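S.K.: Handing you this structure, nothing more for now.
Values quoted throughout were computed directly from the atomic coordinates according to the rules given, and no laboratory measurement underlies them. The shown structure was predicted, so the numbers you read here are calculated from the model rather than taken from an experiment. Using ideal geometry, Cβ is built from the backbone for each residue, glycine included, and neighbour counts are taken over all protein chains shown.
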Amino acid sequence: MMMASMRLCWVQVNAVPYQEARLRAAAMQMPLRVGVVQLAGRDAFRALELAIQGDKSIDRRTLFPDKRFDDIDGRAMVRGLRALLDELRPNVVCINGWSEGGCIAALGWCVANRVPAVLMSESTAYDQRRRWWKEAIKRRIVGLCSASLVGGSAHRDYMAELGASPDHVFMGYDAVDNDHFRKGAERARRAKSSLRQELSLPPAYFMACCRFEAKKNLSGLLRGYARYRELASGRPWSLVVVGDGELKDELFALRHRLGLEGHVLFPGAKKYQELPSYYGLAGAFVHASTTEQWGLVVNEAMAAALPVLVSKRCGCAPDLVIPGSNGLLFDPDDVNSIANAMVEIADGTHDLRAMGRNSQTIVGRWSPTRFAESLNEAVDAAMRRPVPLPGPIDRLLLWMLRER
């Protein structure tokens, strides 16, 4: 039996908004004392950091409070993380994946101290090109973990391919604060006339929200939207793209070349508290990534009761999108596929309010409560089995990769 005096430590790079609701749910529902070991204290989401620090139910430690993760020396990170885990003496450790962010250093500590590790993963077999030697390394890392908490069905299947025991893999990792987006969207709709004017938003629009980086395929989305305008009957919807990033200038230039100025709006990045208003006033949400481990913005849009148009390459697609019920899937490499999905949503074929209600029902099954329940099951499974014993090759890999 697990007692409240026992401790779980979740090793993270830094805090981001969607983790707050997960952590609070875990702290409320789990019999273990929940702690967060954050490697870097510098992050864009400062409000979240203060909110979690003020919550006494969560024990929060930050190794390098004045640095971003990319600025931390690898050796210093390993030394600091080992020392902190030695001090905390957790009964189980949660690590985020196998690539970076102190996960291998934390796993190495677990192996050395015979403490079970729970692997949290959003990877699928198809989210990027797979190389045999990397897959071989992953299999060894998975073999050293006692249980796994993954996003959804595609992630569960990939974990099984890597050798994880199916009865030690649990789904529900990818959750957001559904209530935050539902309530905020409802408030926005009640004040839609004044709020549209205040935010300079058009009367009908598709919304996208993401970082402006290559894999988000915003150039493909703009081209698909241009094609949609050619196909649309009646007055076409606008496109509002919330976010910012390194491709901003390129996207502005593409908008100009496509003649979409006045039709595609870039309002910039928005704070967590502001986002529900943009969801609430939209007609539908579109996410066009060419590769995406999950796509939490789809959760947010669904919690805000929106129909969703989602790339088939998104890890969330098999679990969150039921074509014709709460949205549509499309090929992100096919401009016509994107455009046709937009036409079908905007031309009155579907009852968009019913689709939005279906979105809320579906995403309600992927909530912070589900995350906490699944994490509890993963921890319980991990603590009931013997901690895996590393072989010489395992020890060598842990040593070689420890500073990632």
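S.K.: When we measure straight from the Cα of residue 216, which lysines land under 17 angstrom away, once same-chain ones fewer than 8 places off are left out?
M.R.: Counting by Cα, and skipping residues close in sequence, residue 216 has these lysines nearby: 248, 312.
S.K.: Same structure again: Mind jotting down the distance between the C-alpha centroids of segment 221-269 and segment 133-194, whole Å?
M.R.: 30 Å
S.K.: Pull up the cross-link candidates among the lysines for residue 192, meaning alpha carbon to alpha carbon under 24 Å and not fewer than 8 places away within one chain.
M.R.: 183, 270, 271
S.K.: Against the globular-protein guess of 2.2 N^0.38 Å, express the Cα radius of gyration of the chain as a ratio, rounded to two decimals.
M.R.: For the chain, the normalised Cα radius of gyration comes out at 1.02.
S.K.: Then there is this: What are the trypsin sites (Lys or Arg not before Pro) within segment 340-377 that DSSP puts in a loop, where the Cβ has at most 16 other Cβ atoms within 10 Å?
M.R.: 365
S.K.: Right, something else. What full-extension length gain, to one decimal in nm, is calculated for residue 70 and residue 354 as 0.36 nm per residue of separation minus the Cα-Cα distance?
M.R.: Details: separation 284, 0.36 × 284 = 102.24 nm, distance 4.46 nm.
My answer for the length gained is 97.8 nm.
S.K.: So for segment 178-363, what are the equivalent ellipsoid semi-axes in whole Å, largest first, each being the square root of 5 times an eigenvalue of the Cα gyration tensor? Don't skip to the answer; put the middle values down first.
M.R.: Values: eigenvalues 90, 72, 57 Å².
Sorted largest first and rounded, they come to 21, 19, 17 Å.
S.K.: Among 157, 66, 380, determine the one that fluctuates most according to a GNM of the chain built with springs between C-alpha atoms less than 10 Å apart.
M.R.: 66
S.K.: Within segment 336-351, list the residues whose amide N lies under 12 Å from a label point set 7 Å along Cα→Cβ of residue 233.
M.R.: 344, 347-349
S.K.: Continuing with this model, one more query. So, R0 is 41 Å and r is the distance between the beta-carbons of residue 365 and residue 131; what FRET efficiency does that work out to, to 0.05?
M.R.: Values: r = 34 Å, r/R0 = 0.84.
According to the calculation, E is roughly 0.75.
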